[in-house]
1. Taking all pairs of different Cα atoms in the chain, averaging 1/r and flipping that mean, what Kirkwood radius in angstroms comes out?
2. Given +1 on the Cβ of Lys and Arg, -1 on the Cβ of Asp and Glu, and no further charges, what dipole in debye does segment 3-58 carry about its Cα centre, rounded to the nearest 20?
3. Counting only heavy atoms of protein chains, what accessible area per residue, in Å², does the chain have with a probe of 1.4 Å?
4. Once the Cα atoms of segment 1-42 are picked out, what are the Rg and Dmax in Å?
5. Within the accessible area of the chain, what % is carbon and sulfur when the probe is 1.4 Å and the other protein chains stay in place?
6. Between 0 and 90 degrees, rounded to the nearest ten: what's the tilt of helix 46-58 against the longest Cα principal axis of the chain?
Amino acid sequence: MKQLGNLAVVCARRPDVLLQILGGVVCLHVGIGPQRESITLDWVDDEKITSLVRELNFGCYQIKEEKNDD
């Protein structure tokens, strides 16, 4: 459960992420509109939460920066 706080901090900084904790289950919704992806996992599973934090920061769920053609 130690990593749950790290996940909350990462999610709080992202406008495209919704974090819900319901009955011991973490529900994470990533993205906007029809492309939104939902992920559920147990709130005490530090290994999966750590992996999810890594994906949000550096992996497939990281914020894609738009290229500015000046």
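1. Working: mean 1/r = 0.0790 Å⁻¹.
For the chain, inverting the mean 1/r across all distinct Cα pairs yields 12.7 Å.
2. Details: 5 positive and 7 negative charges, 48 e Å.
With only Lys, Arg, Asp and Glu charged at Cβ, the dipole is about 240 debye.
3. Accessible area per residue: 73 Å².
4. 10.4, 32
5. Details: 2660 of 5140 Å².
Looking at the chain in its full context, I get 52 percent from C and S.
6. Tilt of helix 46-58: around 10 degrees.
The values are calculated or read from the model by the stated rules, or taken from the named source; none is laboratory data. These figures come from a predicted structure and were not determined experimentally. Glycine also receives a Cβ, built like all others from the backbone with ideal geometry; neighbour counts cover every protein chain displayed. Remember, those area values only see protein heavy atoms, side chains included, never the ligands or the DNA or RNA. Shrake-Rupley method; radii C 1.70, N 1.55, O 1.52, S 1.80 Å.
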